[in-house]
Amino acid sequence: MQFTLKYKSIDEKRELSDNYTIKDLLSDLELSAQTVVSKQNGELVIEDTVIEDGDEIQLVQIIYGG
């Protein structure tokens, strides 16, 4: 089982374990949910969302400042 990850210059297939969530992915990439927006198959999702076989996960960097 695998999913596609898209983040900045990354566009790759990754292996998927059971009950692997967006939160797990962010932890593996050493990213904070405070700094990225997560999309699963084009829809915004929360950290507790389970990634399914064949999903496309896109992480979008949040830009903020003053």
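Segment residue 33..residue 52, full-extension length gain: 4.9 nm, with 0.36 nm per residue of separation and the alpha-carbon distance subtracted. The relative contact order of the chain, computed from alpha carbon pairs under 8 Å that lie at least 6 residues apart in sequence, is 41 percent.
Taking a Cβ cut-off of under 13 Å around residue 53, the surrounding Lys, Arg, Asp and Glu residues balance to a net charge of -3, with basic ones at +1 and acidic ones at -1. Computed over Cα pairs, the Kirkwood radius of the chain leads via Stokes-Einstein (0.692 mPa s, 37 °C) to a diffusion coefficient of 274 µm² per second.
What does the charge dipole of the stretch 2-61 about its Cα centre add up to, to the nearest 20 debye, if the Cβ of each Lys and Arg holds +1 and the Cβ of each Asp and Glu holds -1?
On the way: 6 positive and 14 negative charges, 62 e Å.
The calculated dipole for the stretch 2-61 is roughly 300 debye.
Residue 32 sits among other residues whose Cβ lies under 11 Å from its own Cβ, and their net charge, with Lys and Arg +1 and Asp and Glu -1, is -1. Taking amide H atoms as placed 1.01 Å from N in the peptide plane, the amide H of residue 21 lies under 5 Å from those of 51, each 5 or more residues away in sequence or on another chain. As a test of the formula, what do you get for the chain when each DSSP H run with n ≥ 4 contributes -39,500 (n - 2.57) and the sum is divided by the residue count, at 222 nm and rounded to the nearest 500 deg cm²/dmol? After summing the helix terms and dividing by the residues of the chain, the value is -2500 deg cm²/dmol. In the chain, taking the dipole from charged Cβ atoms about the Cα centre, the farthest positive-side position among 4, 33, 19 is held by 33.
Laboratory data are not the source of any read-out in this text; all were calculated from the coordinates shown. From a predicted model like this one, the values you see are computed outputs, not experimental measurements. In this analysis, Cβ positions are derived from the backbone assuming ideal geometry, glycine residues included, and neighbour counts consider all displayed protein chains.
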